[in-house]
């Protein structure tokens with residue numbers, strides 16, 4: 001991976017997100033059986049360098065961790081992360097404005113209203129919308145909910 005060698009040669013290129021990645025990996029790695037924390041950090045830091053538009057977003061650690069558990073190879077996990085973000089236009093989910101995340105909240109609220117109108121009415125009465133409980137689901141594409 002050419003990107004990895006560039007990050008290793010000059011870690012300052014991702015200095016804005018390096019500490020956040022280290023903290024997130026430390027907090028989440030205990031949920032990822034068989035995933036080496038250093039390898040996970042490497043995948044995330046390399047991705048941050050590869051995609052400066054997004055760099056890193058909290059929750060990507062769960063996605064990359066799952067990819068490492070499945071593929072058991074750093075390069076393949078990195079390439080799979082690239083493909084996931086590109087194919088499913090996840091940049092809109094991870095960028096600062098979060099337009100896709102807001103759309104998902106709206107869609108979930110509408111679906112709850114259609115399928116479970118009483119639940120939707122109660123949530124509205126309590127002033128609760130899906131952003132209160134569904135952020136982590138969407139940002140991690142549900143990988144944070146997987147139990148080992």
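The values are calculated or read from the model by the stated rules, or taken from the named source; none is laboratory data. What you see is a predicted model, and the numbers here were worked out from it, not measured in a lab. Cβ: placed from backbone, ideal geometry, glycine included. Neighbour counts: every protein chain shown.
The selection criterion, being assigned to a helix (DSSP H, G or I), surrounded by 14 or more Cβ atoms within 10 Å (Cβ to Cβ) and at pLDDT 95 or above, does not hold for residue 93.
Considering only residues of region 124-141 that are free of Cβ contacts under 8 Å to residues at least 12 places away in the same chain and part of a helix (DSSP H, G or I), which is surrounded by the most Cβ atoms within 10 Å (Cβ to Cβ)? Step through it out loud before you land on a result.
Taking region 124-141 first, the residues free of Cβ contacts under 8 Å to residues at least 12 places away in the same chain are 124-128, 132-133, 137.
Then keep just the ones that are part of a helix (DSSP H, G or I); that gives 124-125, 132-133, 137.
On the way: 124: 13, 125: 8, 132: 11, 133: 11, 137: 16.
Filtering region 124-141 for residues that are free of Cβ contacts under 8 Å to residues at least 12 places away in the same chain and part of a helix (DSSP H, G or I), the one surrounded by the most Cβ atoms within 10 Å (Cβ to Cβ) comes out as 137.
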